[in-house]
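The values are calculated or read from the model by the stated rules, or taken from the named source; none is laboratory data. Computed from a prediction, not measured in an experiment: that's the story for all the values here. Every residue, glycine as well, gets a Cβ built from its backbone with ideal geometry; the counts of neighbours run over all protein chains shown.
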Amino acid sequence: MKEINYEVNVDYNIFKDLFWAQNKKYLKRAGWGVIILFGFFTISFIFMSVYEPTTKNIIYTLLLVIITAYGIAFVTNPNVALLTRTGYIKKWFKLHGNNTDAIPKNLKTSYQIHLDNLGFTETIGNNYMVKIPWFALHETPIKTTNGIFFAFDDGKNSSLLYNSLGINFAFREDLPGEVLFIPASVLSTNPNLVNEIQNIIKQQRQQFRSSSNSSIENIKQWMSNK
């Protein structure tokens, strides 16, 4: 794979795509979990409020309807989760070079990305370098009108059952792994890039399964060189 350098320009709309690429599986599963868990009680309390319209029953019914509607919103549009995450959005943009205190919809930033045989490197705010090896990404790219995203492979953190075993699983901390964004302009000049990345992700994972000490050491050295 040849080395490629490019600049990423991210506004709020592209950030929503990035957030969706990383979190959509978990949020959709969480949404279905809420629908299944609270849907039955919602229907039951609706009938109860019709036949016994007490203040208590009506209040419970409204609360259950709101919770179930929130679950439906997670399934149909995972970005609804961003409505309550203004602090997280500003923190992400600040980490990636934007130190302004603008409202989320007005935030913009840019950073540099370098691709090579071992992984990708992001140079973000204060010239801090983040290095992610290829095996840490999902093989399946996520296509949007702005380009392609390769999500960070968060393993069990995308499992609804795994998270539900903990406390406040629905409000877990957002994962630190970086999502690789390849803008449409970069793809137009490198038409085989997506296939190359998919192949190299598979190759690195096979190398690690075979316990290749040389491959592991190469990646360790690559990640320590900043």
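Pairing each residue of segment 89-100 that is among the polar types (S, T, N, Q) with any residue that is crowded, with 17+ Cβ neighbours inside 10 Å, provided the two are 6+ apart or on different chains, yields C-beta distances under 7 Å for N98/L107; N98/T109. Among residues of segment 109-131 that are of a type in the set (S, T, Y), those with a Cβ under 7 angstrom from a residue that is part of a loop (DSSP other than H, G, I, E, B), sequence gap 6+ or separate chain, pair up as T109/H96; T109/G97; T109/N98; S110/G97; Y111/H96; Y111/G97; Y111/I124. Do we find that K56 is among the charged types (D, E, K, R), out of contact with any Pro (no Cβ under 8 Å at 6 or more places or on another chain), in a loop (DSSP other than H, G, I, E, B) and free of Cβ contacts under 8 Å to residues at least 12 places away in the same chain in this structure? Taking the combined requirement at face value, the residue does not satisfy it. Scanning segment 24-44 for residues that are more than 13 Å from I66 (Cα to Cα) and over 24 Å from the mean Cα position of the chain (by Cα) returns L37, F40, S44. Is one or more of the residues making up segment 140-150 at pLDDT below 90 and not β-branched (V, I, T)? Checked against the condition, which is being at pLDDT below 90 and not β-branched (V, I, T), segment 140-150 yields no hits at all. For segment 12-42, a residue qualifies if it is under 28 Å from L118 (Cα atoms) and either charged (D, E, K, R) or in contact with a Pro (Cβ under 7 Å, 6 or more places away or on another chain) (or both), and the qualifying residues are K16, D17, W20, N23, K24, K25.
Within segment 125-150, track down each residue that is hydrophobic (A, V, I, L, M, F, W, C), part of a strand (DSSP E or B) and within 14 Å of the chain's Cα centre (by Cα). Give the steps one after another, and end with the answer.
Pass one, segment 125-150, residues hydrophobic (A, V, I, L, M, F, W, C): 129-130, 132, 134-137, 142, 148-150.
Then drop every residue that is not part of a strand (DSSP E or B), which leaves 129-130, 132, 137, 142, 148-150.
Passing the criteria: L137, I142, I148, F149, F150.
Taking the criterion of being of a type in the set (G, A, S), over 15 Å from E7 (Cα atoms) and either in contact with a Ser or Thr (Cβ under 8 Å, 6 or more places away or on another chain) or outside any helix (DSSP H, G or I) (or both), the residues of segment 65-124 that qualify are A102, G119. Elements of the type helices (runs of 4 or more DSSP H) sitting completely within segment 165-226 and holding at least 3 residues that are at pLDDT 85 or above and over 23 Å from Q112 (Cβ atoms): these cover 193-209. Residue pairs whose Cβ atoms lie under 9 Å apart, sitting 6 or more positions apart in sequence or on different chains, and linking a residue in segment 63-85 that is under 12 Å from G31 (Cα atoms) and free of Cβ contacts under 8 Å to residues at least 40 places away in the same chain to a partner that is among the polar types (S, T, N, Q) and assigned to a helix (DSSP H, G or I), are I67/T42; T68/T42. Criterion first (at pLDDT below 90 and farther than 21 Å from L18 by Cα) does N157 satisfy it? The answer is no for N157. Inside segment 54-106, residues that are at pLDDT below 85, of a type in the set (D, E, K, R) and buried (at least 17 other Cβ atoms within 10 Å of the Cβ) make up a count of 0.
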